[in-house]
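The values are calculated or read from the model by the stated rules, or taken from the named source; none is laboratory data. Given the structure is predicted, the values throughout are model-derived calculations rather than measurements. With ideal geometry, Cβ positions are generated from the backbone for all residues, glycine too; neighbour counts draw on all protein chains shown.
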Amino acid sequence: MTRHRNDPLGYNDLKLGDEWESPARTVTETDVVTFAGLSGDFNALHVDHDWASKGPFGKPVAHGLLGLALVSGLASHAPRVDTQAFLAILEWKFLLPIAFGDTVRVISRVESVEPQARGRRALVVWRRRLLNQDDQVVQEGLTRTLVRARALATEAEPSQD
């Protein structure tokens, strides 16, 4: 089996310290209202402009868990990995608010790779940092995923002899 340019990476393609930057995405008021409806969290800090203007940030801000959800989605693009499961949040910090109009991106770094199940998959620990347009880290932490191995060409292709 030949690996094509668009194929997702397997755990055996990952090296400790490898780092990727995701595409950026601007957080909108619509995102926040949609997340409030989905989660049921209509805290005035997120959805009431008048109340939020007198609150700690002087304006409404996104839910912290919306930021975490954005990390999950943006990180799935850089790198594209053959992830079988998201297993754990090992550590997570919410450092700065995300305001409407902030543009965020994720930096993902491989912290550890532990092969499992006779090498067919591995536990991968990632350090993820969510940065805003000013390069400030707004959230960061460690997550664990289960990643499938990429079959080596020599194992998957019959000999041409």
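Checking each residue in segment 120-146 for being within 17 Å of P8 (Cα to Cα) and not in a loop (DSSP other than H, G, I, E, B) picks out R121, A122, L123, V124, W126, T145, L146.
Which is surrounded by fewer than 16 Cβ atoms within 10 Å (Cβ to Cβ), at pLDDT 95 or above and assigned to a helix (DSSP H, G or I), of V33, V71? Exactly one of V33, V71 is surrounded by fewer than 16 Cβ atoms within 10 Å (Cβ to Cβ), at pLDDT 95 or above and assigned to a helix (DSSP H, G or I), namely V33. Candidates are the residues of segment 1-30 that are modelled with pLDDT under 95 and over 14 Å from R80 (Cα atoms); the one that is surrounded by the fewest Cβ atoms within 10 Å (Cβ to Cβ) is T2. Within segment 74-103, the set of residues being touching a helix residue (DSSP H, G or I) at 6+ places or on another chain (Cβ under 9 Å) and in a strand (DSSP E or B) comprises V81, F86, I89, W92, F94.
Residues in segment 36-50 that are touching a helix residue (DSSP H, G or I) at 6+ places or on another chain (Cβ under 8 Å), part of a helix (DSSP H, G or I) and of a type outside the set (S, T, Y): A36, A44, L45, H46, V47.
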